[in-house]
Amino acid sequence: MVSHSGFFLAGRAYDVGILAFFFFQLVFMDATATIPTGAMAERFNFKGFIFWGLFASMILYPVYGNWVWGGGWLSQLGVQGPKWGHGALDFAGSGVVHAMGGVAAFWGAKILGPRIGKFDKDGNPRAIPGHHLPMAFLGTMVLLVGWMGFNGASTFAATDFRFTIVIVNTILAAAFGCLTTMFVMWWKYGKPDPSMTCNGLLAGLVAITAPCGFVNPTASVIIGLVAGLLVCISVEFVDRVLRVDDPVGAISVHGANGLWGVISVGLFADGTSNFGGAWNGVPGSVTGLFYGDSSQLVAQLLGVATLIGLVFSITWVANLAIDMVMGQRVAANVELEGLDIPEMGAVAYPDFVLKADAMGMD
């Protein structure tokens, strides 16, 4: 708590265990804060990004994160009041990290407005292909490997070999999310869309992040399958119905599938995982609806409703405030030219820029 205990990592916080946990939470928070930037890409100015990052790190992530992971009221639903299951659960952050970032991405992209040329005069979306598909594939593979640490390290004990349950569940959901999206796009459009296939893999990863410590491999496959289908439906809904320009599908990959991941805990938790023992102070293992405990699903649904209500409201206010005070969108000529030089003073790909003086011409 600010000015109460361990302020600025001093005093009681100056401890190896607390510092390790601080770093762990730091990188989780960073993921929450940067997810919306994908939905705001190609027209978001750097000043807006700085102030958005401050808001996300100081208010957005700490509040809901505390409610679920810090002993807050959502985590205590199993021991106080209605005594629903083990309280709202999120093993590694489908809700606390991904859904928060994905829901926040909606208002960021909505208030910022679409990229120039994204929609025609009738409001129909146009595809604006990414500039480097191999790089997108490389990034997806890096995320896949990194997710093993993201989920696996959430056991807080690599010496506890039960973390292999988490790893296997994670890779299965990713694989089936990837394959489902690939085949859905292939069936619908006649070709397997490479960028959407990447998003299907990420959707599976996002969805399994909350239940990975509570479910068995069979359930992981189902969760991945649903995630792969859900991302296809959500991307089209955001694009064609909501008419929000989300260049990387952050709202769908992280928002829709983060919420699905939180709900799936209340459906598929099988009561056999030792990771569920005495979770949030409630004796016994975590058991979902399909294994006999409907109250766990109720706790998960309340967690989802709270997340949507909190994030949807305060990120709307935050984005409007930043937009009114300093503006978040670059000028049209800057967007068309590219943001590298106007915003950062350097170009990402100098080999592709021809300059008159460099060619010996005035």
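Since every read-out is calculated from the coordinates, none of them should be taken as a lab result. Predicted, not measured: the structure shown is a model, and the values here were computed from it. Here the Cβ positions follow ideal geometry from the backbone for every residue, glycine too, while neighbour counts run over all protein chains shown.
Considering only residues that are farther than 18 Å from residue 50 by Cβ, without any contact (Cβ under 8 Å) to a residue 24 or more places away in the chain and in contact with an Asp or Glu (Cβ under 9 Å, 6 or more places away or on another chain), which ones fall in the range 291-349?
Once the filter is applied, which keeps residues that are farther than 18 Å from residue 50 by Cβ, without any contact (Cβ under 8 Å) to a residue 24 or more places away in the chain and in contact with an Asp or Glu (Cβ under 9 Å, 6 or more places away or on another chain), the range 291-349 yields 291, 338, 347, 348, 349.
For the range 216-259, name all the residues that are polar (S, T, N, Q) and under 16 Å from residue 199 (Cβ atoms). Please lay out each step first, then the result.
Initially, the range 216-259 is screened for residues polar (S, T, N, Q), giving 216, 218, 220, 234, 252, 257.
234, 252, 257, listed by residue number.
Please enumerate the residues belonging to the range 145-159 that are without any contact (Cβ under 8 Å) to a residue 40 or more places away in the chain and in contact with a Phe, Trp or Tyr (Cβ under 6 Å, 6 or more places away or on another chain).
Of everything in the range 145-159, just one residue is without any contact (Cβ under 8 Å) to a residue 40 or more places away in the chain and in contact with a Phe, Trp or Tyr (Cβ under 6 Å, 6 or more places away or on another chain), namely 152.
Do you know which of the residues in the range 124-150 that are surrounded by 11 or more Cβ atoms within 10 Å (Cβ to Cβ) and aliphatic (A, V, I, L, M) is farthest from residue 204 (Cα to Cα)?
128
Could you run through the range 180-214 and say how many residues are among the β-branched types (Val, Ile, Thr) and either out of contact with any Ser or Thr (no Cβ under 9 Å at 6 or more places or on another chain) or over 30 Å from residue 285 (Cα atoms) (or both)?
Within the range 180-214, the subset among the β-branched types (Val, Ile, Thr) is 180-181, 184, 197, 206, 208-209.
Of the ones still in play, those that are also either out of contact with any Ser or Thr (no Cβ under 9 Å at 6 or more places or on another chain) or over 30 Å from residue 285 (Cα atoms) (or both) are 180-181, 184, 197.
Matching residues across the range 180-214 total 4.
Condition first: without any contact (Cβ under 8 Å) to a residue 12 or more places away in the chain and outside any helix (DSSP H, G or I). Now tell me which residues in the range 160-192 satisfy that.
160, 161, 190, 191, 192
Based on what the data block shows, is residue 202 under 22 Å from residue 128 (Cα atoms), part of a helix (DSSP H, G or I) and in contact (Cβ under 8 Å) with a residue 60 or more places away in the chain?
Details: under 22 Å from residue 128 (Cα atoms): yes; part of a helix (DSSP H, G or I): yes; in contact (Cβ under 8 Å) with a residue 60 or more places away in the chain: yes.
Here the answer is yes, as residue 202 does meet what is asked.
Hey, can you tell me all the residues within the range 205-224 that are closer than 23 Å to residue 138 by Cα and outside any loop (DSSP other than H, G, I, E, B)? So that I can check it myself, show each step before the final result.
Pass one, the range 205-224, residues closer than 23 Å to residue 138 by Cα: 205-209, 224.
Matches in the range 205-224: 205, 206, 207, 208, 224.
Pick from 103, 97: which is touching a Leu at 6+ places or on another chain (Cβ under 8 Å) and β-branched (Val, Ile, Thr)?
Details: 97 fails: touching a Leu at 6+ places or on another chain (Cβ under 8 Å).
Testing whether each residue is touching a Leu at 6+ places or on another chain (Cβ under 8 Å) and β-branched (Val, Ile, Thr) leaves just 103.
Within the range 236-253, take every residue that is surrounded by fewer than 21 Cβ atoms within 10 Å (Cβ to Cβ) and among the aliphatic types (A, V, I, L, M) and give me the one that is farthest from residue 40 (Cα to Cα).
241
Can you confirm whether the range 38-57 contains a residue that is assigned to a helix (DSSP H, G or I), free of Cβ contacts under 8 Å to residues at least 12 places away in the same chain and within 22 Å of the chain's Cα centre (by Cα)?
Checked against the condition, which is being assigned to a helix (DSSP H, G or I), free of Cβ contacts under 8 Å to residues at least 12 places away in the same chain and within 22 Å of the chain's Cα centre (by Cα), the range 38-57 yields at least one hit.
Which one of these is loosely packed, with under 15 Cβ neighbours inside 10 Å and farther than 26 Å from residue 165 by Cβ: 11, 70, 6, 108? Working first, answer last.
Working: 70 fails: farther than 26 Å from residue 165 by Cβ; 6 fails: loosely packed, with under 15 Cβ neighbours inside 10 Å; 108 fails: loosely packed, with under 15 Cβ neighbours inside 10 Å.
The match here is 11.
Tell me, yes or no, whether the range 108-128 has at least one residue that is closer than 19 Å to residue 198 by Cα and free of Cβ contacts under 8 Å to residues at least 40 places away in the same chain. Steps first, answer last, please.
The initial filter retains those residues of the range 108-128 that are closer than 19 Å to residue 198 by Cα, namely 127-128.
Filter once more, so that each one left must be free of Cβ contacts under 8 Å to residues at least 40 places away in the same chain: 127.
Checking the range 108-128: at least one residue is closer than 19 Å to residue 198 by Cα and free of Cβ contacts under 8 Å to residues at least 40 places away in the same chain.
Could you please let me know if residue 117 is small (Gly, Ala, Ser) and surrounded by 12 or more Cβ atoms within 10 Å (Cβ to Cβ)? Walk me through it before giving the result.
Values: small (Gly, Ala, Ser): yes; surrounded by 12 or more Cβ atoms within 10 Å (Cβ to Cβ): no.
So residue 117 fails the test.
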